[in-house]
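Take a look at the structure below.
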């Protein structure tokens, strides 16, 4: 695949103004929704009058129309809540916080499991959180995400597979797809409907400590192994199946091509800077996202903690991926035509330069659709609402 002219990177974006995360959540947890009349009848033992079914609640209507109807009924607070994800530990003891803040998603960080780490305990926990989400005014379900990166390693007894570097060595796309399906089946059976995988980087420096997360250094090999997405999500139209989960292509982009010695953290290369030109960056770090989106229809994309410093623009001006509008909106959502949703990495917005309001508006305006806020979900909600009311984040970005 040859690098496209850079003018294509600036192509105008054309995709429906829809909350794709809402669609994903609704399709994944349809079984949780119970009509109000049926619920009343079940608890009282008496027949209740038929409840009015609003357009967005009617599973027989086309999804775009249902989303438009739901979006038109939502307040700003409800919309911002749907753009917020927090860690399960923050709501475990008080699931009512999910209802209060209209939270759209919960995740389990590394090692964050129910006390009894069993499929039943996981399912009971997710069901309890889901019940709180459905208690909101518009009964919008949430979506629960985990790092099932080589099998569902979060849960005792689940199948654990080799990391991607080992799977890439097999050169067997069908096997990788089958592993994705097994992972999805075991993950979904325990409750979560979303996996933060696969990693489709192409590591260029073996000194990077996360090299094992990639299928290999050759983007062509990575592209072949993107059958993992099909294994997780299933064929088009099958995401609601009980053995499928939403997939996440990560980390967009260049997490595997950073320059040694450029990290601002405790390490020499992780979360560092890709010092490169746009043509080479496309060759090593971007082109594998095209088939992930256009062939495999991946539902979500996660930005990298890393930065890019364009040599043709003059070295010394690195841009954090979480705040890179050129790449997140111009390339990913524009020229690549990604119509899913962008989920930040763990506290990813917090790494953008500037004070907290600047970080929030820069990240959201750059193209982040949901922010992973393990500790500060309420601050995100409040600040983003303030930024919208002040006109610094347009409502069109929230409704996108």
Response to the item:
Put in order of increasing Cβ neighbours within 10 Å, starting from the fewest, 73, 287 give 73, 287
Item to complete: For a footprinting-style exposure proxy, rank 301, 388 by other Cβ within 10 Å, fewest first.
Response: 388, 301
Discussion item. Test of understanding: in a Gaussian network model of the chain with alpha carbons linked when under 10 Å, which of 148, 390, 132 would top the mean-square fluctuation ranking?
Written reply: 390
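Please give the length that would be gained between residue 396 and residue 69 if that part of the chain were fully extended, namely 0.36 nm times their separation in residues minus their C-alpha to C-alpha distance (nm, one decimal). Spell out each step's value before the answer.
On the way: separation 327, 0.36 × 327 = 117.72 nm, distance 1.58 nm.
Roughly 116.1 nm would be gained on extension.
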Discussion item. I want to verify a result. In a Gaussian network model of the chain, Cα cutoff 10 Å, which of these has the top mean-square fluctuation: 260, 289, 144?
Written reply: 260
Worksheet entry | Calculated Rg/Rh (Cα atoms, Kirkwood Rh) (choose from [x] 0.96; [y] 0.99; [z] 1.48), label | [x]
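Provide the three semi-axes, in whole Å and in decreasing order, of the ellipsoid equivalent to the stretch 217-362 as defined by the square roots of 5 times the Cα gyration tensor eigenvalues.
So the equivalent ellipsoid measures 27, 18, 14 Å along its semi-axes.
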Worksheet, complete the sentence: Simple SL model, points at 7 angstrom along Cα→Cβ for residue 172 and residue 118; separation in nm is 3.4
Worksheet item: Most fluctuating residue of 169, 95, 77 in a GNM of the chain with Cα springs under 10 Å: which is it?
Response: 169
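Test of understanding: ordering 263, 396, 195 by Cβ neighbours within 10 Å, fewest first, what list do you get?
Details: 263 19, 396 8, 195 25.
Starting with the residue having the fewest Cβ neighbours, the order is 396, 263, 195.
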Fill in: Computed over the chain: relative contact order in percent, which uses C-alpha pairs under 8 Å that are six or more apart
18
Fill in: Range of Cα positions in the stretch 203-281 per principal axis (Å), largest first
45, 28, 20
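How high is the FRET efficiency between residue 389 and residue 53 when r is their beta carbon distance and R₀ equals 35 Å, given to the nearest 0.05? Present the calculation step by step, with values, prior to reporting the outcome.
Working: r = 33 Å, r/R0 = 0.94.
Once the sixth-power term is evaluated, E becomes 0.60.
Read-outs throughout are calculated quantities, based only on the coordinates presented, and are distinct from any laboratory measurement. Everything quoted here is computed from the prediction, not taken from an experiment. Neighbour counts are summed over all protein chains in view; Cβ atoms, including those assigned to glycine, are modelled from backbone coordinates with ideal geometry.
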